[in-house]
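Scroll down for the structure; my scribbles are underneath it.
The values are calculated or read from the model by the stated rules, or taken from the named source; none is laboratory data. This is a predicted model, so every value here is computed, not measured. When we count neighbours, we look across all protein chains shown, and the Cβ atoms used for this are built from the backbone with ideal geometry, even at glycine. The protein model used for the area step is the full one, side chains on, heavy atoms only, and it has no ligands, DNA or RNA in it. Shrake-Rupley method; radii C 1.70, N 1.55, O 1.52, S 1.80 Å.
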Amino acid sequence: MRIVKSYNKQNDVTYVYEVLEHTYDKEKKFTRSKRRLIGKIDPQTGDIVPTGTRGRKNKTDEPVGPDGKIDYQLRYLEAKTELKRVSEENEKLKAQNEWLQKQYDLLTEGLRSLLEQSQKDGSKEISTKHTCQVPVYSVD
């Protein structure tokens, strides 16, 4: 396809486009062209500097203050808030783990008592006549 240069007087930059296709508007009686931005011309060297996703610098996710610089105080507060959230989540998980450990201990204790009771009776299988009271607790 064809390459077209377009000068912008407001910011004194010459942009370079690739013309993709032309269409003629019969009502307005002129040609419209679909074009894709390639880049802009460097005034010192005259070379085309790519813009868009291929030439644009990667944006950082850093919080930026009104002066355009990274706001480290805001970054510190965000990190502190995230640390607090993770710590609270960790405490909840510790409580759940502790509850599960108690439940496991109660179940194994109940199974041991059933096994001992069946061994006292002389049977090799645990029957349903042996009962074991295992308390069940709920997690908040």
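Scanning region 8-52 for residues that are open to solvent by 100 Å² or more (accessible area, probe 1.4 Å) and assigned to a loop (DSSP other than H, G, I, E, B) yields a total of 9. Within the bounds of region 80-94, is there any residue that is open to solvent by 70 Å² or more (accessible area, probe 1.4 Å), over 29 Å from Asp12 (Cα atoms), at pLDDT below 90 and among the β-branched types (Val, Ile, Thr)? No, region 80-94 contains no residue that is open to solvent by 70 Å² or more (accessible area, probe 1.4 Å), over 29 Å from Asp12 (Cα atoms), at pLDDT below 90 and among the β-branched types (Val, Ile, Thr).
Residue pairs whose Cβ atoms lie under 6 Å apart, separated by 6 or more positions or on different chains, with the first residue in region 9-28 and under 20 Å from Asp42 (Cα atoms) and the second basic (Lys, Arg) and open to solvent by 50 Å² or more (accessible area, probe 1.4 Å), are Val13/Lys40; Thr14/Lys5; Tyr15/Lys40; Val16/Lys5; Tyr17/Arg35; Glu18/Arg36.
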